[in-house]
Every structure is written in structure tokens, then in C-alpha cells.
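Have a look at the structure below, then the notes.
The values are calculated or read from the model by the stated rules, or taken from the named source; none is laboratory data. It should be emphasised that the depicted structure is a prediction, and the values quoted were computed from it without experimental measurement. Cβ atoms come from the backbone with ideal geometry, glycine included; neighbour counts cover every protein chain shown. Remember, those area values only see protein heavy atoms, side chains included, never the ligands or the DNA or RNA. Shrake-Rupley method; radii C 1.70, N 1.55, O 1.52, S 1.80 Å.
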Amino acid sequence: MPYLSFDSEYCELRFGANLLGGRGEGSVLLSVLAALPPTALILVSGDGRTTIRRLPSRFPIRVDGEILGSASMELLDNSHLEVGEHRLIFNLTVDIPAANGAHDVTVNSNSPTAGGANRPSVERPIPDIDPNDVSPWLLREMRTGRIIGVPRAGMLVGRSEECQLVVPGRGVSRRHALLEPYAAGFAVSDLSANGTLVNGIKCRDHHPLASGDVLRIGLEDYRVENGSAIHAPQSESQRPTEFLQTVAAPIENERPEPLASLEVTRGALRGTHYSIERPICAIGSSRANDLRLNDSSVAPHHATLLLKGETWYVTDLRSRYGTFVNGYRVATERALAPGCSLTCGHVTLVFRAKRSMPAAEPDQVEGWVTRFFKFLRAS
């Protein structure tokens, strides 16, 4: 069943009408909505399609950054709903394992089978972790270059001080993600309300990690590296994402040499140039992105650019209006050729890698005619 979440609270949506706001029958049982008046209806149909319709209310509603008007709007997996000052996450399925332990996440159900009662679900049991027993695997924080060793027993990641990797900031849950031993390496499981991304895609339970994968927790990106066994890539897309070492003391505000560039060729931002200076670039309308496209058709977190080896790739983050390369919609990820067109929503850009960026024109060699006229003027 689909569900809504806010921070550590979850609420399943029943078939038919689900009311956002209030505590009456059919209301979504999230504490943050209880004090609000009826604001919107979420309709879950039998074919799995879920739509939201605005009710007369003074509270503005946004779906993936787009203002909800009088027309209904379909909700997609991982859609973000902003009701007033509150941000909710919509997902199509909920899979929270039942186990014995301390309660942390509460699931409220509106479904007829549950009778509207609250069903507590407990978080995944965390193994005993010795931080000194470090494996050859590590996480490299891409913003700062900091290296974090991964213990052999695994690692808990989140904003709580009990975590082996503490990540502050908005969008990070107290216990956000868990790295566990898996095969010859590690796998990650999402424990959060806002999701954990691997290479720009929301991870599944026990998602295997390979060297070079980029793990996003909140607004921080971490590259997974295996220091003990590095195998030659079988294809260009398997190469690890390149990493630029940070410079401790930049010289007079010197900026790093751009790796690529984007130029807007269609839309209200036409003519705007963007420089890409690191091998991972988040694109969206939110201010939290590396490249912000302030357009209503662009989702808050729309797409991600990744540099693997010498090839750039784009990944769509399940945006409403999609991401296209030369007119072809991106399903998972697609390689970017120098000079190709990249479309995010209704904004079209031309992509130029470093080797295809316009270079400064060399000085022209003077011919004998130019030198002759110069001689006449000098005399």
C-alpha cells in the first residue's frame, strides 16, 4: 500500500479518499497534520494510481516543487508534498521489518484491515560494531575529501551521536542508513524517512555497494572505495567516479578548472552558462543543488551528473517531467556525448565536456601583406 511519511512517522493510505488535515474519519494519521484544517484529498484507486486534489484552504500545497492548483495531480514514488511549512514524502510501498527491539518508527494505518489502529514497527537491530576493527573499505566525503573507514561489522549512519558516521543537516534521520557485510564487500539498507540514494537512485533493502558507487545521505555525497582489491573495469560505465582532491589554501580565490559546462538553449534561462567543477553535480530547482534551474517544470531534486572515467552520465531522480538526452527519456542513466542536448523539464541545455569546451583562439600569424602595410605606416 502507498504511504506518507514525515520525519520518523509513517501512515499507510487506504483505497479511496484520504484527507490531509484534521483528526476525523479518513484523515491521514500524522501528528503534523492533526492541527491543520482539511487541506487536500489523496485518492488511491484500485489500479495503483494515486492522485492529490486541493481543497479550499489558506495553506499552499506544492508537489515536487510545483504549486497544486485546481486540477488533480498524480503522485509518483518518492514525491515530496509541501503542506504549509511541513514536508511529507509519498512512497508506493512500505516494507518495515518486524523484529524484537526498541520502538523508533511508528506506522499509522488507515487501511480497513488494520481497523485504523496504530501499528508500531521497530527499527532493524544494529549489530555490535567495533570502530577499531576497520575493513579495507572506506567512504570518501566528496565535499571535503575526508576519509571514513568502514568497520568490518558494518556502520550505522545518521544524525544521532550513536552512529559511527554522524551526518548533520536537513533531511537526515536519527538512524538514516545501515552498512552491513555482504558477499565480498558491503550492502546498504535505508532506515530513513527521506531516502538514501546510490548513484542518484533510491536504494533498496540490502543494496550491494561496488567500489566507485556514490552514496548520498541528506545533502552529503560519499564515494565507496575498496582499498584491498581493485579490478579492471569491464566497461566504461563500471569505472569509479573520479574525485578531485580539495585544495587546502586556494591562491587568491583561484577556482578549479571546470570539468564540463552547460548552456541553456531553450526556456526562460536561455543563454545562461554553468560550469561543472566536480565529478558529481546535483541538478534541480532547490537551492541545495550544485546547479539550480529556477523553473517550475524542474523538480527540487531533478537529476544528477556523474563522471566515470572519461565519460559523463546523467541519472534522472524520478522527476515529474523527466530528463532527456537528445530527445530520449532517461530511465536509469545515460551517457552524455560532447555537444548533446540535455533537457530537464522544459529547460534544454547543451552539454560540453572539458575536451569539447571552446578554447581560446591562437594568435594569428601575420602574413607578408600585413607586415608590408605596417612598414609603410611606420615610415
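Observations on the structure shown:
- Label-to-label distance, residue 210 versus residue 147, with points set 7 angstrom from Cα along the beta-carbon direction: 2.4 nm.
- Residue 9 - accessible surface, heavy atoms, 1.4 Å probe, Å² rounded to 10: 40
- Peptide packing for 177-183, 331-337, 55-61 was compared via the average number of neighbouring C-beta atoms within 10 Å per residue; ordered from the highest value, the list is 177-183, 331-337, 55-61.
- Other residues lying with their Cβ under 15 Å from the Cβ of residue 81 contribute a combined charge of -2, Lys and Arg counting +1, Asp and Glu -1.
- Computed from the alpha carbon atoms alone, the convex hull of the stretch 1-78 holds 96 Å³ per residue.
- Förster-model FRET efficiency, 22 Å R0, residue 332 and residue 288, C-beta, rounded to 0.05: 0.40
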